[in-house]
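Data block below; observations after.
The values are calculated or read from the model by the stated rules, or taken from the named source; none is laboratory data. A quick note: this is a predicted structure, and the numbers were derived from the prediction, not measured. As a convention, Cβ positions derive from the backbone with ideal geometry for all residues, glycine included, and neighbour counts pool all protein chains shown. Only protein heavy atoms, including side chains, enter the accessible area calculation; ligands, DNA and RNA are left aside. Shrake-Rupley method; radii C 1.70, N 1.55, O 1.52, S 1.80 Å.
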Amino acid sequence: MVTVGFHASHEQISPGQLLKDVQHAERAGFDAAMCSDHIEPWSQRQGHAGFAWSWLGAALATTSLRFGVVTAPGQRYHPAITAHATATLASMFPGRFWFAPGSGENMNEHITGDAWPAKDIRQRRLEECVDVIRRLHRGEEVTHRGLVTVEQARIWDVPDTPPPLIAPAVSVETAHRAATWADGLVTINQPAPKLRDMLSAYRDNGGKGKAVLQVHLSWAGTDKEAAAIALDQWRTNTFAPPIPWDLPTARHFDTAGAHVPEDQVRSAVNVSADLQQHVEWLAGYADLGFDELYLHFVGQEQAAFIDAFAAEVLPQVRTPAGTPAEPQLAAAAGKPASDASA
């Protein structure tokens with residue numbers, strides 16, 4: 001049975017309200033939750049970017065849900081700090097926390113003032129960070145000198161079971177490479193052939209663990225309203241890499257997204273006022289081989305979405321009947337932006 005979770009978008013909702021939203025999602029019947037880790041939103045209209053690690057402590061303490069977070073060690077966060085934060089959460093909340101270390105985006109990492117490396121260097125840096133983090137989670141004292149430097153680091157409170165490191169990817173190449181180190185794969189909704197290829201690349205190269213999909217969607221009383229929400233909030237998230245990796249601020253994203261048309265937004269967001277249509281799209285993703293689906297309603301007011309989807313969508317997706325529909329984005333040419341890495 002597929003897990004259906006709630007995606008908590010820190011870029012769009014204030015931390016206090018987002019905590020209430022995820023508590024609401026648990027009461028309504030969502031199975032789990034995941035969140036982003038940003039210091040900069042994708043758009044000035046989104047207008048938020050709470051600190052994910054503080055929020056995760058509160059969310060784990062005030063719900064019984066499992067949580068994941070997409071993050072980026074190596075520049076804004078030293079890998080020993082990431083290892084320390086994740087070990088503490090996993091120690092306090094055994095079996096309820098995973099994280100997805102990616103190679104990052106300039107919008108978050110530029111604040112250190114360090115140069116923004118090329119993608120191949122960022123990928124190698126990430127893999128060094130993963131090795132450092134795993135060693136620290138085992139209780140080792142770590143010294144490492146490479147693209148990152150670690151001197152005699154040790155974590156004194158290590159969890160009995162280290163948290164899974166799930167690989168974030170939006171490309172087939174990254175999914176293939178991540179199979180050598182990851183405990184699972186997480187990506188975003190893209191055309192169905194691309195998602196099949198990503199899953200195959202990961203599994204065929206020995207990739208283990210769960211396959212996770214974050215699904216961007218917009219729903220409202222009418223299709224026109226749903227499209228307007230998506231256009232307002234998510235049009236800056238419709239660009240192919242390297243644009244989402246390299247632009248530095250929300251202002252730059254707003255400039256790039258000023259004239260994005262509705263059809264381009266629909267290449268990144270499942271837009272419909274019809275709840276049954278959303279059931280069919282989500283069942284299609286599950287049929288591709290994803291074990292967990294995290295629903296990201298791209299609007300800023302979450303309550304109506306939570307209640308409607310919990311009542312009408314989640315039960316049918318968990319126990320699908322009939323033939324699932326090909327996901328909406330199967331025919332789309334766009335390659336949406338991601339909170340992960342490519």
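Let me check I've understood the local charge: for His252, count other residues with C-beta under 11 angstrom from its C-beta, Lys and Arg +1, Asp and Glu -1. What total comes out? Could the numbers behind the result be given before it?
Details: positive: Arg251; negative: Glu40, Asp246, Asp254.
Net of charged neighbours comes to -2.
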Query raised in the report: What is the stretch 219-283's relative contact order, in percent, from Cα pairs under 8 angstrom and six or more apart in sequence?
Result: 52 percent
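Can you send over the carbon and sulfur percentage of the accessible area for the chain, probe radius 1.4 Å, protein chains only?
Numbers: 6780 of 13000 Å².
Accessible surface attributable to carbon and sulfur in the chain totals 52 percent.
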**Report entry** Fully extended contour minus Cα-Cα distance, from Trp116 to Ala258, at 0.36 nm per residue
**Finding:** 48.6 nm
**Report entry** Mean separation of Cα contacts under 8 Å (6+ apart) over length of the chain, as relative contact order %
**Finding:** 22 percent
**Report entry** Global size of the stretch 1-52 as Cα Rg and Dmax, reported in angstrom
**Finding:** 11.7, 38
Query - Mean residue ellipticity (222 nm) of the chain, computed from DSSP H runs ≥ 4 via -39,500 (n - 2.57), nearest 500 - result: -12000 deg cm²/dmol
Report task. Give, rounded to the nearest 20 debye, the magnitude of the charge dipole that the chain has about its Cα centre when Lys and Arg contribute +1 at Cβ and Asp and Glu contribute -1 at Cβ. Result -> 560 debye
Requested in this report: In whole angstrom, note down how far apart the Cα centers of the stretch 78-155 and the stretch 194-265 are.
Outcome: 25 Å
Report task. Quick one: accessible surface of Glu127, probe radius 1.4 Å, all protein chains present, in square angstrom to the nearest 10. Result -> 50 Å²
**Report entry** Structure-derived Cα Rg over 2.2 N^0.38 Å: which label, when the choices are [x] 1.01; [y] 1.07; [z] 0.93
**Finding:** [z]
Requested in this report: Between Leu275 and Glu140, with labels modelled 7 Å along Cα→Cβ, what's the label distance in nm to one decimal, could you check?
Outcome: 5.1 nm
Query raised in the report: Any idea how far apart Ala61 and Asn205 come out in nm if each label point goes 7 Å out from Cα toward Cβ?
Result: 4.0 nm
Report summary line: FRET efficiency for Arg45 and Arg124 from the Cβ-Cβ distance with R0 = 51 Å, rounded to 0.05, comes out at 0.90
Report task. Find the accessible area per residue for the chain; the probe is 1.4 Å, ligands and nucleic acids are left out, and the unit is Å². Result -> 38 Å²
Requested in this report: For the chain, with a Gaussian network of springs between Cα atoms less than 10 Å apart, report the residue from Gly209, Gly68, Gly50 with the top mean-square fluctuation.
Outcome: Gly209
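Rounded to the nearest 0.05, what FRET efficiency is calculated for His24 and Thr161 with R0 set to 30 Å and r the Cβ-Cβ distance?
Details: r = 29 Å, r/R0 = 0.98.
Computed FRET efficiency for His24 and Thr161 comes out at 0.55.
Dipole size in debye (nearest 20) for the stretch 219-292 around its Cα centre, Lys and Arg Cβ +1, Asp and Glu Cβ -1?
Numbers: 4 positive and 12 negative charges, 70 e Å.
Here the size comes out at about 340 debye.
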